[in-house]
1. Using protein chains only and a probe of 1.4 angstrom, how many square angstrom of S79 are accessible, to the nearest 10?
2. Points 7 angstrom from Cα along the Cβ direction at T91 and E54: gap in nanometres?
3. Trypsin sites (Lys or Arg not before Pro), restricted to the range 1-75: which are DSSP loop and have at most 15 other Cβ atoms within 10 Å?
4. Rounded to the nearest 0.05, what FRET efficiency do R136 and E42 give with R0 = 30 Å and r taken as the Cβ-Cβ distance? Could you check?
5. Give me the base-10 log of I(q)/I(0) for the chain at each q in 0.19 Å⁻¹, Debye formula, one uniform scatterer per Cα, rounded to two decimals.
6. Within the set of other residues whose C-beta is less than 15 Å from the C-beta of S117, count the net charge using Lys and Arg as +1 and Asp and Glu as -1.
7. So how do E135, E126 rank on accessible area, 1.4 Å probe, biggest first, that is with the largest at the start?
8. Per DSSP helix of 4 or more residues, -39500 (n - 2.57); summed, then divided by the residues of the chain. What does that give at 222 nm, rounded to the nearest 500?
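The values are calculated or read from the model by the stated rules, or taken from the named source; none is laboratory data. None of the values given here were measured: they were computed from a predicted structure. Neighbour counts are summed over all protein chains in view; Cβ atoms, including those assigned to glycine, are modelled from backbone coordinates with ideal geometry. Only protein heavy atoms, including side chains, enter the accessible area calculation; ligands, DNA and RNA are left aside. Shrake-Rupley method; radii C 1.70, N 1.55, O 1.52, S 1.80 Å.
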Amino acid sequence: MNQTLAIIKPDATGNGDAGRIIAHIEAAGFVIRALRMVTLTEAQARAFYDVHRERPFYQSLVAFMTSGPCIPMVLEAESAIRRYRDAIGATDPAEAAPGTVRQLYAESKERNAVHGSDSAENARREIAFFFSESERIG
Ligand code: CMP
């Protein structure tokens, strides 16, 4: 069993898709170990996406991620990181496989409904970014 950090992003919460996305994730076999709703400050969004600070889309990404509530979640499953990335599909919804979360709910490469950790090291960092140890026991 391992864990990954998922985020339902402001486009999806704003569209009223959060419940459907959570149901999709649970139906795909993930156990939700922690969940909260939070509207990120600019400093929090900048810090979370610090690895992208040199990218041309960074400012726009920070503006998008602070534009409404996010729902970060700790998901657990066997090979959770790879399996969750398979379940959400490619970053660009136009390239996401049929039936994936992004193919079903994302609007664009930036407004792409959900985030998923891309490595074990980043999963640890991202889980700790949103949840204290006492919030993710189990
Ligand atoms: P995420 O999986 O959260 O990781 C980084 C985010 O940056 C990504 O989802 C998108 O929201 C955004 N992103 C990545 N590439 C691009 C791009 N080419 N243009 C705009 N936004 C992007």
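1. 50
2. Placing both labels 7 Å beyond Cα along the Cβ direction yields 1.5 nm.
3. Answer in residue order: R36, R53.
4. 0.70
5. Each listed q maps to, in turn, -1.15.
6. Working: positive: K9, R33, R82, R83, R85, R124, R125, R136; negative: D50, E76, D86, D118, E121, E126.
The answer is +2.
7. Numbers: E135 90, E126 10 Å².
The most accessible residue leads, giving E135, E126.
8. Numbers: 7 runs with 55 residues, N = 138.
Estimated from H runs of four or more residues: -10500 deg cm²/dmol.
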